[in-house]
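Here the structure is laid out as structure tokens; the discussion comes afterwards.
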Amino acid sequence: MARTPRITNQQILEAARQIFLQQGFGASTLEIAQQAGISEASIFKRFSTKEELFFAALGIPEKPPWVNELESLCGQGNLKENLTNICFQMMEFYREVLPLIMMLRSRGNALPELGGKEPKPMRDVKLLSAFLECEINQHRLRPCDPQTVAHILLGSVMNYVFLEQMLSQVNIPTAELPIGTYLNSGDSPTKISVFLLSLVDIVWQGIAPSQD
């Protein structure tokens, strides 16, 4: 019968979060191990890479939640509402992630390289492009360059959240939408930025299927 580890994954993540927030990605995993009261080798029995430990400790998922929705949404429901929902989830994700990244950058701390096999932002563009291409193939969008549309949507949302963080005292106008408009919206009305509504509306005018 296997013994229950004395140190839980959560304790390791708490120690890693504390060290990473102080020192950034350049922090030593040996120091994290000492903080958690385990050996450095034990960390890599639980987390395969330092990057995995970093993102887990800071609560940044390997894939944003909206990415996991794309495949099941293709060809389903009202496409304009789906795009609004995707952009809403993008905004919520970046509202959580960007403040952490900006804080680490402001302290001069290192972050994981965005290079490697495929940088995460470029992976997200490709996945959104594939979703849009799927909708084009089903004639739910007019023929267009899906990668350009993906860049417009992702880049606009990321830039908006960045400015929102920089201008944190500015009141951002919102509008309430019906609960059913969004996935996982719970029992209370969802508030969404007027910017998102306008963004999707403007993009939709250029990509909506032609009415023959």
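Values computed for the structure shown
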read-out	value
Per residue accessible area of the range 1-107, 1.4 Å probe, in Å²	55
For GLY24, residues with placed amide H under 5 Å, excluding near neighbours	none
Pairs of Cα atoms farther than 17 Å apart, the range 1-61, %	29
Among the listed pairs LYS50/LYS126; LYS63/LYS126; LYS63/LYS120, those beyond 19 Å (Cα-Cα)	LYS50/LYS126
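The values are calculated or read from the model by the stated rules, or taken from the named source; none is laboratory data. Since the structure is predicted, the reported quantities are computational estimates derived from the model, not experimental observations. These area figures cover heavy atoms from the full protein model, side chains too; ligands, DNA and RNA do not enter into them. Shrake-Rupley method; radii C 1.70, N 1.55, O 1.52, S 1.80 Å.
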